[in-house]
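The values are calculated or read from the model by the stated rules, or taken from the named source; none is laboratory data. This structure is a prediction, so every number in the text was calculated from the model and none was measured. Note that each Cβ is placed from the backbone with ideal geometry, even for glycine, and that neighbours are counted across all protein chains shown.
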Amino acid sequence: MSAVVPTGGLYADRRAWLKDRYAHPGLRRYWPGVLGMDALSRAELLALREERLAGLIAHAVAHVPFYRRWLAESGMSANAVGLGDLPVVTKDAYRAKLEDFQSDAYPVKEMVANKTSGSSGEPFRFRRHARSLDYSYACMWRSLLRHGIRIGERRGRVWGRSFHFNATPAAIRRVQRRHAVRDWMNNSVGIDAYSLTPENVAQAVAKLRAARPVYLHGYVSALYVIARHLLDTGGGFHDLRLRAAVTESEKLYPFQKEAMEAAFGCPVLEFYGSVELGAIAQTDPRGDLLVNDDMYIVEALPGGEAVVTDLFSHAYPFLRYQLGDLVQLASRPATGLPYSVLEQVVGRTTDLIPLRGGGFVHGVALAHVIDHHLALVQKYQIHQEAMDRFAVRLVTRAPLPPPVRERIVADLAGLVGPGAQIDVHEVDHIAPAASGKFRWVMSDVAQR
């Protein structure tokens with residue numbers, strides 16, 4: 001397919017352009033303004049954000065049952081409500097009554113029903129409008145364009161394939177055909193992250209090499225499996241001259257990023273977002289994780305938990321939505337661009353491991369126990385099965401020497417308490433969750 005130059009040269013392939021005319025019709029309208037945000041001063045961007053926030057709040061208290069009721073109970077005047085006055089809203093509030101957050105100014109038939117993967121313990125159903133979906137899509141491509149990547153350039157996509165969860169062979173074939181059409185329209189080669197095992201990772205590598213993608217895009221854990229295989233077999237993708245590997249959906253640990261950079265020979269870009277909100281923040285060429293301030297306001301509660309507002313969510317508001325992530329906000333804006341910076345995404349709140357003596361230790365700290373042994377360990381999972389019982393599952397390159405096993409037990413005991421039972425198991429394979437995402441650290445206790 002020949003390249004086309006609609007929408008300011010954003011597209012590299014006509015198929016993707018045709019697809020977006022139907023899948024994201026608002027992109028053409030939003031794109032000039034979205035791209036122009038980079039040229040604003042910090043003060044100009046914040047003023048625009050406040051203007052959009054005021055419009056969202058005014059709409060919510062006038063048209064959304066949950067916020068109409070809150071306004072009546074608060075006794076406040078509608079034009080006096082600021083962001084900090086509004087309640088922090090959890091997933092449970094949406095689960096309790098889906099219709100409570102539907103704006104009466106938008107017909108339900110215009111909404112897109114969706115749900116999260118349930119990787120944090122329980123799937124969450126919600127609605128989004130094309131207005132929010134298309135603006136978020138534009139924000140994502142604004143970021144990728146900074147790295148020289150355009151819509152429709154050849155992509156290696158390592159993602160979950162939902163046909164695993166369809167009951168009948170006929171249904172599976174229908175979904176497989178739909179995925180094949182979608183991959184063709186997006187000029188993508190698809191790799192199934194749900195079934196990426198040590199036995200078939202070599203086939204995935206061969207498929208990607210044959211496709212010669214411009215960039216990779218996928219789950220952190222799945223891309224890491226591919227990177228580790230390449231490094232362990234003395235291979236790499238350096239000859240492909242990849243422009244980037246884009247990671248999503250899971251916490252990106254330093255050891256994973258280092259392995260991907262070494263194996264793929266390109267920058268690794270952490271994208272932070274969610275199914276219900278979209279593209280919240282992406283890595284810029286300097287390595288900063290930039291918040292798309294023209295669409296989102298990210299707050300951090302005193303404990304570090306992220307609270308996010310989608311400024312384009314009028315039809316189904318996400319206002320001060322408690323996302324379930326732990327983040328650290330930088331005190332400075334980006335260098336050379338007007339956006340806020342996320343210092344880091346620490347992890348999910350479900351990654352907090354409760355301790356018998358009180359308090360918590362974050363799963364990232366437990367993960368660091370294994371960091372020293374990655375020359376021996378291909379993959380691992382630390383699982384808190386009970387308050388004082390932990391299972392450490394390791395896929396090793398060779399039998400684990402007893403001193404290494406003893407060191408792992410001692411280091412973990414130093415974090416979770418000397419009375420804890422810590423069992424180390426060497427296994428052939430550790431499967432991802434049903435969502436397709438992999439949990440490096442998980443707790444049965446934290447989810448009760």
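Region 169-245 holds helices (runs of 4 or more DSSP H) entirely within its bounds, and those carrying 3 or more residues that are closer than 26 Å to G287 by Cα, modelled with pLDDT under 90 and out of contact with any Pro (no Cβ under 9 Å at 6 or more places or on another chain) map to 220-232.
Quick one: would you say L83 is crowded, with 16+ Cβ neighbours inside 10 Å, touching a helix residue (DSSP H, G or I) at 6+ places or on another chain (Cβ under 7 Å) and either in contact (Cβ under 8 Å) with a residue 40 or more places away in the chain or under 30 Å from W184 (Cβ atoms) (or both)? Let's see the steps before the verdict.
Numbers: crowded, with 16+ Cβ neighbours inside 10 Å: yes; touching a helix residue (DSSP H, G or I) at 6+ places or on another chain (Cβ under 7 Å): yes; either in contact (Cβ under 8 Å) with a residue 40 or more places away in the chain or under 30 Å from W184 (Cβ atoms) (or both): yes.
Yes; evaluated as a whole, the condition is true for this residue.
Which residue out of K115, K91 is surrounded by 13 or more Cβ atoms within 10 Å (Cβ to Cβ) and over 15 Å from A315 (Cα atoms)? K91 is the lone residue from the list that is surrounded by 13 or more Cβ atoms within 10 Å (Cβ to Cβ) and over 15 Å from A315 (Cα atoms).
Looking at D100, is it among the acidic types (D, E), crowded, with 17+ Cβ neighbours inside 10 Å, in contact with a Pro (Cβ under 9 Å, 6 or more places away or on another chain) and within 15 Å of S313 (Cβ to Cβ)? No: the conditions fail for D100.
For region 312-324, does any single residue satisfy the condition of being under 30 Å from E44 (Cα atoms), of a type outside the set (A, V, I, L, M), touching a His at 6+ places or on another chain (Cβ under 6 Å) and at pLDDT 90 or above? So far as region 312-324 goes, yes, one or more of its residues are under 30 Å from E44 (Cα atoms), of a type outside the set (A, V, I, L, M), touching a His at 6+ places or on another chain (Cβ under 6 Å) and at pLDDT 90 or above. Counting only strands (runs of 3 or more DSSP E) that sit completely within region 351-392, those holding 3 or more residues that are farther than 16 Å from D411 by Cβ and at pLDDT 80 or above correspond to 377-386. Residues that are among the hydrophobic types (A, V, I, L, M, F, W, C) and more than 30 Å from T335 (Cβ to Cβ) were ranked within region 17-57; the one that is nearest to the chain's Cα centre (by Cα) is A23. Per the conditions (1) within 30 Å of K379 (Cα to Cα); (2) in contact with a Lys or Arg (Cβ under 8 Å, 6 or more places away or on another chain); (3) buried (at least 21 other Cβ atoms within 10 Å of the Cβ), the sole criterion not satisfied by G265 is (3).
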